[in-house]
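*Asks:* Here it is, the structure in full.
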Amino acid sequence: MEITKKKTFRQKFVGDRAFYKMVLALAVPIMIQNGITNFVSLLDNIMIGQVGTVQMSGASIVNQLIFVYNLCIFGGVSGAGIFTAQYFGQKDNEGIRHTFRYKLWMVIILTAATTALFLAAGDTLIGFYLQGKGSAADAADTLMYGRMYLHVMLVGLPAFMISQVYSSTLRECGQTIVPMKAGVAAVFVNLLFNYLLIFGKFGFPQLGVQGAAIATVLSRYVEMIIIVAWTHRKKEKNPFVVGLYRTMKIPGRLVKKYFIKGIPLLLNETLWAAGMAMLTQCYSIRSLDVVAALNISNTINNVFNIVFIALGDSVAIVVGQLLGAGDMEKARDTDNKMIAFSVFCCSWAALVMLLLSPMFPRLYNTSSEVQSLARNLIAVTAVFMPMQAFLHAAYFTLRSGGKTIITFFFDSVYIWCVSVVLAFVLSRFTPLPILGIYVAVQLSDFVKCVIGFVLVKKGVWLQNIVC
């Protein structure tokens, strides 16, 4: 009886060699692209950190704001992306063209609105993070460097939005290699010009944080040019590009369909990112040192988070295509194995991250207090990484079946009603140390895990939405 149970568990959660080969063929290129991007961001961050703590904090705050925009764009393309994956499963190229055009209109509107907001209220948004304990001079300098960084970064938003429309469509059609190659090329451009412009090497001006922003903008345009050029040149691999810009009109019934499914995702990603920004603001109430420590911690976290992010993206692609093809039994079986694989991989990644936590903060030219806090924040994040891997895979499982209303409550409503409220109360009305607040917020996600487990197991996501 015991042997049967063990075998059943293995059959349910462990795949064969062909299964893992298929998953890794999708996930590894995404991991490589995101990994190199985040690794270069890490080096970028360290370079700015060598210039000084206030420069690093100014850039960090702006990157937190840009992060909200990035997730907003991701949410804007994700709603139509659910349909793209299922259209691809049905070999419907005209359907893919419609989703592409919808994505393009969506990102143009979002980017225009974001640019207007940052130009009008950039100083106010940056100042929101400068209310903690610290000198007025440091706060003023942080604001100045943040403003300089933000104004340059705005130039790169159009390139970023176009890259996201193309690369998301390619991934949803199973083409993950080219976005990876474009990302690799872009990050090397970023790294090279970071070195030249931050420190003023080989005759280039020494621009500090402004140089880091210029390097990032240049890399965005390199990435865009590579992806767009390849997509239109390889029409045999991307048949949806034939006649893609013949019109920008989308049938009204489809706009309504994409909008109904997509708007909860757009709101979800935007509100979730805003919730994360608000959490950082709550932590920053304690001191300006917390802003610097969180920047260091988040930088290394992003490098390791690529494991569950890539595997989550793979869940959306593989399961979405199986649902589009109408194979519900295989979709459920594949999803179980992919979630288990994600948690397993992230457990090992968390162990490596835990071992690196004492060493990484020493790379920064900052105070011992900031380094010590950053070390502890990294260790706490590593402990909770397997739980975050499950949550991410569960989210993409629900999304692959078009359950966008459920994902909205599961993700952004939860962070605002539980995580942010908890951080707000603990940071303002209790003497609990910042590390204790951080642990309490992480622990609160356990309830979310239980909810995600129930929803995935019940199979509420098993549906074909393009029939």
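The values are calculated or read from the model by the stated rules, or taken from the named source; none is laboratory data. Owing to the predicted nature of the structure, the values given are computational and were not obtained by experimental measurement. Note that each Cβ is placed from the backbone with ideal geometry, even for glycine, and that neighbours are counted across all protein chains shown. Note: areas computed on protein heavy atoms with side chains; ligands, DNA, RNA excluded. Shrake-Rupley method; radii C 1.70, N 1.55, O 1.52, S 1.80 Å.
*Asks:* Any residue in segment 382-400 that is more than 30 Å from MET328 (Cα to Cα) and open to solvent by 40 Å² or more (accessible area, probe 1.4 Å)?
*Replies:* The answer is yes; a qualifying residue exists.
*Asks:* What pairs come up if the first residue lies in segment 137-163 and is over 24 Å from LEU71 (Cα atoms), the second is assigned to a helix (DSSP H, G or I) and of a type in the set (Gly, Ala, Ser), and their beta carbons are under 7 Å apart, counting only those six or more places apart or on different chains?
*Replies:* Note: pairs meeting the criteria are THR142/SER57; THR142/GLY58.
*Asks:* Would you say LEU422 is open to solvent by 30 Å² or more (accessible area, probe 1.4 Å), out of contact with any strand residue (DSSP E or B) (no Cβ under 9 Å at 6 or more places or on another chain) and over 20 Å from ALA273 (Cα atoms)?
*Replies:* Considered against the rule, which asks whether it is open to solvent by 30 Å² or more (accessible area, probe 1.4 Å), out of contact with any strand residue (DSSP E or B) (no Cβ under 9 Å at 6 or more places or on another chain) and over 20 Å from ALA273 (Cα atoms), LEU422 comes out as no.
*Asks:* Moving on. Taking the options SER342, SER297, SER347, name whichever one is part of a helix (DSSP H, G or I), at pLDDT 85 or above and closer than 19 Å to THR53 by Cα.
*Replies:* SER297
*Asks:* So which of ALA85, ALA80 ends up being open to solvent by less than 30 Å² (accessible area, probe 1.4 Å), in a helix (DSSP H, G or I), in contact with a His (Cβ under 9 Å, 6 or more places away or on another chain) and under 24 Å from ALA182 (Cβ atoms)?
*Replies:* Step by step, each of ALA85, ALA80 is checked, and only ALA80 is open to solvent by less than 30 Å² (accessible area, probe 1.4 Å), in a helix (DSSP H, G or I), in contact with a His (Cβ under 9 Å, 6 or more places away or on another chain) and under 24 Å from ALA182 (Cβ atoms).
*Asks:* May I pose another question? Restricting attention to segment 129-187, report how many residues are open to solvent by less than 50 Å² (accessible area, probe 1.4 Å), assigned to a loop (DSSP other than H, G, I, E, B) and among the hydroxyl-bearing types (Ser, Thr, Tyr).
*Replies:* Number satisfying all stated conditions: 2.
*Asks:* For ILE260, are the conditions met, namely being touching a His at 6+ places or on another chain (Cβ under 9 Å) and open to solvent by 30 Å² or more (accessible area, probe 1.4 Å)?
*Replies:* Details: touching a His at 6+ places or on another chain (Cβ under 9 Å): no; open to solvent by 30 Å² or more (accessible area, probe 1.4 Å): yes.
Criteria not met by ILE260.
*Asks:* Is there a residue in segment 91-100 that is more than 25 Å from the chain's Cα centre (by Cα) and not in a helix (DSSP H, G or I)?
*Replies:* yes
*Asks:* Does segment 267-279 contain any residue that is in a loop (DSSP other than H, G, I, E, B), touching a residue at least 24 places away in the same chain (Cβ under 8 Å) and not hydrophobic (A, V, I, L, M, F, W, C)?
*Replies:* Let us first name the residues in segment 267-279 that are in a loop (DSSP other than H, G, I, E, B), namely none.
No, segment 267-279 contains no residue that is in a loop (DSSP other than H, G, I, E, B), touching a residue at least 24 places away in the same chain (Cβ under 8 Å) and not hydrophobic (A, V, I, L, M, F, W, C).
*Asks:* Let me ask something else about it. When you check PHE396 against the structure, is it under 20 Å from ILE30 (Cβ atoms), in a helix (DSSP H, G or I) and either of a type in the set (A, V, I, L, M) or touching a Leu at 6+ places or on another chain (Cβ under 8 Å) (or both), yes or no?
*Replies:* In short, no.
*Asks:* What pairs can you find where one residue is in segment 409-428 and under 19 Å from VAL291 (Cα atoms) and in contact (Cβ under 8 Å) with a residue 40 or more places away in the chain, the other is β-branched (Val, Ile, Thr) and open to solvent by 30 Å² or more (accessible area, probe 1.4 Å), and their Cβ atoms are less than 7 Å apart, with a gap of 6+ or different chains?
*Replies:* Filtered contacts from segment 409-428: SER427/ILE285; ARG428/ILE285.
*Asks:* Are any residues in segment 188-238 assigned to a loop (DSSP other than H, G, I, E, B) and farther than 30 Å from VAL54 by Cβ, and if so, which ones?
*Replies:* Scanning segment 188-238 gives LYS234, LYS235, GLU236, LYS237, ASN238.
Residue by residue, here is whether (1) open to solvent by 50 Å² or more (accessible area, probe 1.4 Å); (2) hydroxyl-bearing (Ser, Thr, Tyr); (3) more than 29 Å from ASN336 (Cα to Cα) holds:
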| position | (1), (2), (3) |
| --- | --- |
| LYS403 | yes, no, no |
| PHE409 | yes, no, no |
| TRP416 | yes, no, no |
| SER427 | no, yes, yes |
| VAL441 | no, no, no |
| LEU462 | no, no, no |
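*Asks:* Look at LEU24 and say whether it is open to solvent by 10 Å² or more (accessible area, probe 1.4 Å) and either in contact with a strand residue (DSSP E or B) (Cβ under 6 Å, 6 or more places away or on another chain) or modelled with pLDDT of 85 or more (or both). Talk me through it step by step, then tell me what you get.
*Replies:* Values: open to solvent by 10 Å² or more (accessible area, probe 1.4 Å): yes; either in contact with a strand residue (DSSP E or B) (Cβ under 6 Å, 6 or more places away or on another chain) or modelled with pLDDT of 85 or more (or both): no.
In short, no.
*Asks:* Enumerate the pairs (first residue in segment 60-73 and more than 11 Å from GLY146 (Cα to Cα) and part of a helix (DSSP H, G or I); second residue anywhere and open to solvent by 30 Å² or more (accessible area, probe 1.4 Å) and not small (Gly, Ala, Ser)) with beta-carbon separation below 6 Å, excluding pairs fewer than 6 apart on the same chain, so at least 6 apart or on different chains.
*Replies:* What qualifies is CYS72/THR270; ILE73/GLN164.
*Asks:* Okay, next question. For segment 291-335, enumerate the residues that are under 14 Å from ARG399 (Cα atoms) and among the small types (Gly, Ala, Ser).
*Replies:* GLY312, SER314, ALA316, GLY320, GLY324, ALA331
*Asks:* Another question, if that's okay. Anything in segment 428-467 that is of a type in the set (Phe, Trp, Tyr) and either in a helix (DSSP H, G or I) or more than 16 Å from LYS403 (Cα to Cα) (or both)? List them, or say none.
*Replies:* If the condition is that a residue be of a type in the set (Phe, Trp, Tyr) and either in a helix (DSSP H, G or I) or more than 16 Å from LYS403 (Cα to Cα) (or both), then PHE429, TYR438, PHE446, PHE453 are the ones that fit.
*Asks:* Same structure, new question: Return the total of residues in segment 351-370 being surrounded by fewer than 22 Cβ atoms within 10 Å (Cβ to Cβ), assigned to a helix (DSSP H, G or I) and touching a residue at least 24 places away in the same chain (Cβ under 8 Å).
*Replies:* Result for segment 351-370: 7.
*Asks:* Looking at segment 234-241, can you tell me whether even one residue there is modelled with pLDDT of 85 or more, over 24 Å from VAL28 (Cα atoms) and surrounded by 21 or more Cβ atoms within 10 Å (Cβ to Cβ)?
*Replies:* Yes; the residues of segment 234-241 include at least one that is modelled with pLDDT of 85 or more, over 24 Å from VAL28 (Cα atoms) and surrounded by 21 or more Cβ atoms within 10 Å (Cβ to Cβ).
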